[in-house]
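The numbers here are math on the coordinates, done by the rules we state, and not lab data. Predicted model only: the values in this text are computed from it and were never measured. Here the Cβ positions follow ideal geometry from the backbone for every residue, glycine too, while neighbour counts run over all protein chains shown.
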Amino acid sequence: MCRIRAVRVGTVSCVPVDLPGLPCEPRLVMDDRQALPDDLIPLLDRLCRRSGLGALRGCLPLPGAAVNLAFRAETAHGGRVAIRVNLRDPDDPKWEREAAVYDLLHRVAPDLPVPAVLLTDASLRWVPWPVQVTTWIEGMPGDAAMVDRYLLPDAELGRLIWRLHAVPVPYFGWPRPPRGDDADRSWPAYVRALAQEGMAAAERSGLLTPWELAGIQRWLEGREAALAADGGGRPALVHSDLHWGNVLLAARGGALSIVGLVDFEWAVGAAPAFEWAWATRPVRHSPAVRSAYRACGGQAPDARRQSVYRVLQSLTMIGAASRRWPPGHPAREGHLRILRTVAMGARCGSDGG
């Protein structure tokens, strides 16, 4: 019988897991607010059996997840797979969005190193959270402690970003069934809609005052005209969460090479410039990444337009902050700092970023 008990953690915590037919493995708990039921792994086992993947033969929690609980698992019929459970925000249809992106990539760009979706279940019928199962890519995350930063294949990542942006998408926005007004929506119009959604979510969160929200609104309105330069072409598929933890590496020919790109839950049809604002600093500030991207024909945005996209990212993230991060979490505080700096600058009449 499975004997998992809840524990409090700030980092990864492990307790024994005993389950007939499965090896004893550690278990990760996100934090003390989100204690998992004792029968989580048996529930996942039942879901995999019912879906045709077969019984779980091993289940190893993966550390480092900010929102989703992730496992590497062995299944009787599906082989080695990745299982992710959406703990914090079960109403977010991100697994459906991500499945649509992976399906698109496997149809139009099968040479890109991305996993295939084997199962997406948001019914909450078998497991009380949305679950996604994908094929497993054997590789090491680029942000792993044992990876030397100076050995990262930056130029290869720049070329991979260009290949991703070459994937055609029919409209600006999240993956969803096409609508009649898609062709008429420009990039500035989409950014305006994204800003409105972000402002509404930030207001609901209660983390920003009306004074701060008004300042952010004023700041965004003063920069809308500059965005037209990014929206002249077709929408590109933008990952929107590029960091080395989502890039899987393996040693080939004495050097590290990219073998996988994962975690497309934030992927969107957007202007390619959007990518650079949402990428983490080691990616967007890498001269080798940007140089390789430009050599393929890509163009990064200027600082003024990039600042707009960074503020939009912070608005989007802070709207869900209470579900994603506890008070004091560095990511939560970082997004709040960006937004409050912008609000202060706008209200005082300075550039604010």
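For segment 40-136, what is the largest minus smallest coordinate of the Cα atoms on each principal axis, given in angstrom and ordered from greatest to least?
37, 30, 26
Order by neighbour count: Tyr150, Tyr190, fewest other Cβ atoms within 10 Å first, most last. It would help to have the intermediate numbers written out before the result.
Values: Tyr150 6, Tyr190 22.
With the fewest neighbours first, Tyr150, Tyr190 line up as Tyr150, Tyr190.
Which residues does a label at Cys296 reach in segment 238-278, if reach means a backbone N under 12 Å from a point 7 Å past the Cα toward the Cβ?
238-239
So how much slack lies between Leu151 and Arg281, counting 0.36 nm per residue of separation and subtracting their Cα-Cα distance, in nm?
45.1 nm
Quick one: order Arg294, Arg185 by neighbouring beta-carbon count within 10 Å, fewest to most.
So the residues, fewest neighbours to most, are Arg294, Arg185.
Taking a ≥ b ≥ c as the square roots of the eigenvalues of the Cα gyration tensor of segment 224-336, is the shape rounded (a/c under 1.5), prolate (a/b larger than b/c) or oblate?
Oblate.
So if I take the centroid of the Cα atoms in segment 224-285 and the same for segment 293-341, what is the distance between those two points in Å?
14
Please name whichever of Ala251, Trp162, Met199 sits farthest to the positive end of the charge dipole of segment 141-348, dipole taken about the Cα centre and charges placed at Cβ: Lys and Arg +1, Asp and Glu -1.
Met199
Pulled fully out, how much extra length does the chain show between Arg107 and Ala288, if you take 0.36 nm times their separation in residues and subtract their Cα-Cα distance? Write out the running numbers ahead of the final one.
Details: separation 181, 0.36 × 181 = 65.16 nm, distance 2.98 nm.
Between Arg107 and Ala288, full extension yields 62.2 nm more.
Note down the net charge around Thr120, summing +1 for each Lys or Arg and -1 for each Asp or Glu among other residues with Cβ under 9 Å from its Cβ.
Taking every Cβ under 9 Å from that of Thr120, the sum is -3.
What are the extents of the Cα atoms of segment 178-287 along their three principal axes, listed from largest to smallest and rounded to whole Å?
55, 35, 27
Sorting check: for 202-212, 92-102, 263-273, 121-131, which peptide has the highest mean count of neighbouring beta carbons within 10 Å, and how do the rest follow? List each step's numbers first, then the result.
Details: 202-212: 14.6, 92-102: 19.9, 263-273: 23.5, 121-131: 16.6.
Those peptides, ordered most packed to least, come out 263-273, 92-102, 121-131, 202-212.
Would you mind counting up the charge near Trp95? Only other residues with Cβ under 10 Å from its Cβ, with Lys and Arg at +1 and Asp and Glu at -1.
Cβ neighbours under 10 Å give a net charge of -2.
Would you calculate the separation in nanometres between label points at Ala214 and Val259, each defined as 7 Å from the Cα along the Cα-to-beta-carbon direction?
Modelled inter-label distance: 5.7 nm.
Relative contact order for segment 40-136: what is it in percent, counting Cα pairs under 8 Å that are at least 6 residues apart?
25 percent.
Order these by the 10 Å Cβ neighbour count, fewest first: Cys59, Cys48, Cys296. Write down the numbers at each step before the final one.
Values: Cys59 22, Cys48 26, Cys296 15.
Listing Cys59, Cys48, Cys296 from fewest to most nearby Cβ atoms yields Cys296, Cys59, Cys48.
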